[in-house]
1. For Cα pairs less than 8 Å apart in space and 6+ apart in sequence, what is the mean separation divided by the residue count of region A:5-232, i.e. the relative contact order in percent?
2. Within 10 Å of each Cβ in peptide B:25-33, how many partner chain Cβ atoms are there on average? Round it to a whole number, please.
3. Under 26 Å between alpha carbons, and skipping anything fewer than 8 positions from A:K12 in its own chain: which lysines qualify?
4. So for region A:234-371, Kirkwood radius off the Cα pairs, Stokes-Einstein at 10 °C and 1.306 mPa s: how many µm² s⁻¹?
5. In whole Å, largest first, what are the principal axis extents of the Cα atoms in region B:135-248?
6. Rounded to a whole number of µm²/s, how large is the Stokes-Einstein D of region A:117-270 at 20 °C and 1.002 mPa s, given Rh as the Kirkwood radius over C-alpha pairs?
7. Each residue of region B:46-59 in order: what ³J(HN,Hα) in whole Hz does its phi give by Karplus 6.51 cos²θ - 1.76 cosθ + 1.60, θ = phi - 60°, with x for Gly and Pro?
8. Rg to Rh ratio, chain B, alpha-carbon atoms and Kirkwood radius?
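Values in this text are rule-based calculations from the coordinates and carry no lab data. All values reported here derive from a predicted model rather than from experimental measurement. Cβ: placed from backbone, ideal geometry, glycine included. Neighbour counts: every protein chain shown.
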Amino acid sequence: MATSIHLDTVRKEFRTLGNTHVAVDDLSLDIPEGSFTTFVGPSGCGKTTTLRMLAGLETPTSGTVSFGDEDVTDLPPQERNVSMVFQSIALYPHMSVRENIGYGLKIHGVPKAERDERIDEAAEVLQIEAQLEKMPAELSGGQQQRVALGGAFVQDPDVLLLDEPMSDLDAKLKSDLRVEIQRLHQELDTTVVYVTHDQTEAMTMSDQVVLLRDGELAQVDPPKQLFDYPNSEYVAQFIGMPSTNVVDCAVEHRDGETVLVGPGLTLSLPAGVDVPTDGRVRLGIRPQYLDVGSAGACRLSVDVEVVETLGTESVVHGRLEDGTPFDVVSDAVDDAVAGDRLDVSFDLADAFVFGEDGETILFGSERASERSSSPAGAGGVTP
Amino acid sequence: MATSAGRGLVSHDTQKRLQRIAVYLTALLISVFTIIPVYVMVVIAIQSPATTFAGGRVNLLPTEPSLRNFLVLLGSTDTVRYFINSLVVTLGSTVLSTTIAVAAGYGLTRFDFTGKSLAARAVLFSYMFSPIVLAIPLYVVFSTLGLLNSHFALTLALTAISAPFCIWLMWQYFQTVPIALEESAWVRGASRWRTVRDVVLPVARPGYISAAIFAFAVAWNDFTMARVVMSRDEMYTITVGASLFLDRVSIGWGETMAVSLLISIPPFLIALFLQRYLLQGFSVGGLE
């Protein structure tokens, strides 16, 4: 039975040699039952520590963890109905694939006949029937990962925890397994919590993405929401490839209008936008939302440094006139070479404005949807 | 020879050839000092002294193998008793030392406790002691406890010599066993003990077999401790017993070599059957 998970002001400290390191700080979060939730963030952001607290392998320094209504904060891993797949895969080298998958069932005293039946079923789902009698060392990396997955879900856990299960696999296998894991999630009645540093995995697989920063919650939202309405510069830069371009701008007032002035850029803000007067802000624009040419309302010039061709489109890495790095993704820049100056433009509707503290002040798209008087998708964050 | 100073003067092929010659020469030299004594031992053991010394010189090409020397050992010495004594204390000490090593190695790598690094350093430090340094104090201890001339005391004494290195070996070995294996078992519902039995011990097998072989070698080849702890003839181990033969008029070269051959058999068998594990275990310990 899938269960919901609730974290309430969870804090985890590690003490080593008199130093206290706060791995997770004041984390409160609800994970709906049966959902696929991904923890994402750079290494050291506390995502694996959080997962280990869900597994019972770490105990929070303070705060509570509950599964449904049950407080499991201090329960050892043995007493939680969770399964976990480890980054290191962690197959038992002295047991056959069959024994590896069935080990948890054996611990729980499931009779051999039923055990074998369930192992065979799992193996069929994961397409490793032919490997069942082999030893883990005889398998490829992808097969080993499938065995680890099999061992985790054959126990029918309430919560399935996956700790960077694909970080050691090559790109092709990753995309295969991504589909596999999502299919499993659909078939199983279980809450999946997935940890990764790879934002592609987070964006493609999840119902809900939890982005962490230095042990603190940066934002929780469905992937699309996270992409369209990042609540801070950090989120905007972490989610999306290549990263969101960020340009320093001064705020000026001209003829009753608020104007952002950046390197080679002047941008009038619509009335009613509350930006700090005479302060500085940072303008964010995703490389995908830039058009080559001057069709958009705001224009910029980029000095091209490197062009990466991806097939249908190209990524141009360049700099603005003051040296700010600036990337453009477009299908119209095939002939650009290093040293060129590229004119690009964008609409305010596609931009973000961040305050000096990094918080998002304005989502361009929100402004745009207001203008077209469509209330859809209002971000959950008040500008 | 082909050092950095010689680079350019000696061609790459020549360097390789010189290297190979050096390796073979070293191997040959070592063989001379190990194989020849073993050969001499075997030949003298399996010939009657009459054959060995026929014609007023030592004959080292066996012509008439005989069991005469072994029969003399069985008939007129306590060799069998010595051998059994050795087996008893060696087995006891091997099991004890390995058990301590597995427990200590697991504890040192899996639990945090105050004084952990001190404990680890103390283990290595205690390994520095030569057995003779411990012998007299241990004699005093066993004498006070009334344990002299017992298999139990000698087992403890031998464990005192082998345990530090075994602990160090297992400590190193357990560092290579990923803790995720155990965590994965816990999450699946296995208790700590069950995990040790099902996962930790099987995975650590090359490690503890190496430790056991080492403990075996220390105990089987021991002379000092047995000499100190045992003072009654019927309690001697085979090494002490064999050394006494040299003092006896009735026992000659032939019998002495025969008993030496007997002493060599258990280590030989162990090396033969367990060398795979030995190499695995020691390569992890950084002793390759």
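1. Values: 419 pairs, mean separation 64.7, N = 228.
After rounding, I find 28 percent.
2. On the way: counts 0, 0, 0, 0, 0, 0, 0, 0, 0.
Mean inter-chain Cβ contacts per residue within 10 Å come to 0.
3. The reachable lysines, counting only those whose Cα sits under 26 Å from A:K12, are A:K47, B:K116.
4. Values: Rh = 15.3 Å.
So the translational diffusion coefficient is about 104 µm²/s.
5. Its Cα atoms span 64, 30, 21 Å along the three principal axes.
6. Working: Rh = 18.7 Å.
Estimated diffusion coefficient is 115 µm²/s.
7. Listing the rounded values in order: 9, 10, 6, x, 4, 5, 4, 9, 4, x, x, 9, 8, 8 Hz.
8. Numbers: Rg = 24.1 Å, Rh = 22.4 Å.
Ratio value, two decimals: 1.08.
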